[in-house]
Amino acid sequence: MADVLVFVDHVDGAVRKPTLELLTLARRVGEPVAVVLGSGAAGAVGVLAGHGAVRVLTAEASEFAEFSVVPKVDALEAACGVVSPVAVLVPSSAEGKEVAARLAVRLGSGVITDAVDVEVGESGPVAVQSVFAASFTARSRVSRGVPVITVKPNSAPVEEAPAAGVVEELSVVFSAGASGTRVVSRTARESSGRPELTEAAIVVSGGRGVNGAENFAVIEALADSLGAAVGASRAAVDAGWYPHASQVGQTGKSVSPQLYIASGISGAIQHRAGMQTSKTIVAVNKDAEAPIFDLVDYGVVGDLFQVVPQLTEEIEARKG
Ligand code: FAD
């Protein structure tokens, strides 16, 4: 069976969920070979093997943390030399997309970004994308060389699939460009204790209807009852009610959770562009004509300050 390279996103060996989702997709197309780089790489092996990695290529050089992006491209290129994969799957983060694009140039092949699924095609893997504010589904195939595909978080389930996980040290010769951009400092973002917005299984968002920074407590309470991330429309963010990092939409983050709950959000096309691929969409809006109701699975016409706290209370009660 053909090998599929999976670029592992991890923090000191703790593998992030989107990588486990990539392993699920990789198993459909072939045998997953994980590439895990940087400090703590060895600590990731158990989890990767538990989710289907037949082989795990590791490299722990300090260059991966000291310099931006290029050392990782050097390593993935070296990995492609070792395994001759039928595809390279990369998480669709900002860094992942840059790594993928540079790798595709090195390999003389093509890149497909922000896929929401990967299928087996007659002439190689086919990437499924949701485009034009999710109004169309596009299926694309890289026409020459090894396809490099970045996949959005929440595009596949995490599945346990014990595999050999044979560890091999990857030998990487860094290119002249590897030291081009030095990372001069790193500051950890203050944690809200909530899941990362783009990776969360549930996102609870508030818009202009929330009407003030202090009122976002209502949205946060619902999010916390569900273990969800908090998102916001641009109107709410521009008003200074919630941080820019939480903006969902065309010029914000793209999310694709199992459940998206929008409260006090009208459903402008630019907001939809960032959440329309969510599996189940719920909206609370006092205007029955609000465009958001055109795309919801469940809609509540009502005042969010009445509906949302009741919902939170009910969820807490059922958690018992
Ligand atoms: P509104 O459109 O004002 O809607 C507020 C809604 O709240 C209304 O439907 C109202 O009925 C409802 N409401 C009010 N009070 C209550 C209440 N008490 N209970 C229940 N419902 C209530 N927007 C984004 O979100 N993300 C983007 O990334 C983004 N990028 C953009 C890029 C460009 C180039 C442009 C031009 C615009 C972009 N926008 C983006 C802005 C977008 O066009 C909308 O202006 C914005 O999404 C509106 O936010 P909203 O739905 O919160 O506000």
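The values are calculated or read from the model by the stated rules, or taken from the named source; none is laboratory data. As the structure is a prediction and not an experimental result, all values here were calculated from the model. Cβ placement follows ideal geometry from the backbone for every residue including glycine, while neighbour counts extend to all protein chains displayed. The accessibility values were calculated without ligands, DNA or RNA, using every heavy atom of the protein model including side chains. Shrake-Rupley method; radii C 1.70, N 1.55, O 1.52, S 1.80 Å.
Return, for the Cα atoms of the range 180-320, the radius of gyration and Dmax in Å, separated by a comma.
Considering the range 180-320 through its Cα atoms, Rg and Dmax are 15.1, 55 Å.
Using only the Cα atoms of the range 100-141, each taken as one equal point scatterer with no solvent, compute I(q) by the Debye sum, divide by I(0), and report log10 of the ratio at q = 0.23 Å⁻¹.
After summing over all Cα pairs, the log10 values are -0.81.
Amide H neighbours of A115 under 5 Å, at least 5 residues apart or on other chains, H built in the peptide plane: list them.
Here the answer is T150, V151, K152, since their amide H atoms fall under 5 Å of that of A115.
Going 7 Å from the Cα of R28 toward and past its Cβ, which residues in the range 93-129 have a backbone nitrogen under 11 Å from where you end up?
Under cut-off, by backbone N: 116-121, 126-129.
Sequence-distant or interchain residues sharing an amide H contact under 5 Å with G231, placed H: which?
Excluding prolines and chain starts, which carry no amide H, the hits are V204, S205, G206.
Using just the C-alpha positions of the range 213-285 as equal point scatterers, what log10 of I(q)/I(0) does the Debye formula give at each q in 0.20, 0.21 1/Å?
-0.81, -0.90
Give the calculated FRET efficiency between T137 and T251 to the nearest 0.05, with a Förster radius of 30 Å applied to their Cβ-Cβ distance.
0.85
Starting from the 7 Å offset along Cα-to-Cβ, what nm value, one decimal, do you get for the label separation of V166 and V105?
The two pseudo-label positions are separated by 3.5 nm.
Greater than 29 Å separation of Cα atoms is the criterion. Which listed pairs, K17/K253; K152/K286; K97/K279, meet it?
Working: K17/K253 17 Å; K152/K286 32 Å; K97/K279 23 Å.
Exceeds cut-off: K152/K286.
Spelling out what I want: for every residue of the range 199-204, take phi, set θ = phi - 60°, compute 6.51 cos²θ - 1.76 cosθ + 1.60 (Karplus), and round to whole Hz; glycine and proline get x.
Per-residue couplings from phi come out as 10, 5, 6, 10, 10, 10 Hz.
Quick one: Cα convex hull volume of the range 16-125, Å³ per residue? Display every interim value, and only then the final one.
On the way: hull volume 10.9 nm³, N = 110.
Roughly 99 Å³ of hull volume per residue.
Quick one: if the Förster radius is 30 Å, what FRET efficiency do R144 and S68 give, using the C-beta to C-beta distance and rounding to 0.05?
Details: r = 28 Å, r/R0 = 0.95.
After rounding, the FRET efficiency stands at 0.60.
Taking amide H positions as placed 1.01 Å from N in the peptide plane, with prolines and chain starts having none, which residues 5 or more places from E31, or on another chain, fall under 5 Å of its amide H?
A2, D3, V4
Over all directions, how big on average is the projection of the convex hull of the alpha-carbon atoms in the range 104-195, in square nanometres?
Working: hull surface 43.8 nm².
For the Cα atoms of the range 104-195, the hull's average projected area reads 11.0 nm².
Rounded to the nearest Å, what's the spacing between the alpha carbon centres of the range 5-33 and the range 200-259? Just the number, please.
Measuring centre to centre over Cα atoms gives 28 Å.
Binning at 10 angstrom from zero up to the longest distance, how are the C-alpha pair distances of the range 1-59 distributed in percent?
With a bin width of 10 Å, the distribution comes to 29, 59, 12, 0.
Could you give the radius of gyration (one decimal) and Dmax (whole number) of the Cα atoms in the range 165-222, in Å?
Expressed in Å, the Cα Rg and Dmax of the range 165-222 come to 20.9, 55.
What are the ³J(HN,Hα) values, in whole Hz, obtained from phi via the Karplus relation 6.51 cos²θ - 1.76 cosθ + 1.60 with θ = phi - 60°, for each residue of the range 299-315 in sequence order, with x given for Gly and Pro?
Karplus values, whole Hz, x for Gly and Pro: x, 10, 8, x, 7, 4, 6, 9, 6, 5, x, 5, 5, 4, 4, 5, 5.
Whole-Å semi-axes of the chain's equivalent ellipsoid, largest first, each the root of 5 times a Cα gyration tensor eigenvalue?
38, 21, 18
Can you give me the % of accessible surface on the range 1-145 that is carbon or sulfur? Probe 1.4 Å, all protein chains present, nothing else counted.
On the way: 2860 of 5570 Å².
With neighbouring chains kept in place, the figure for the range 1-145 is 51 percent.
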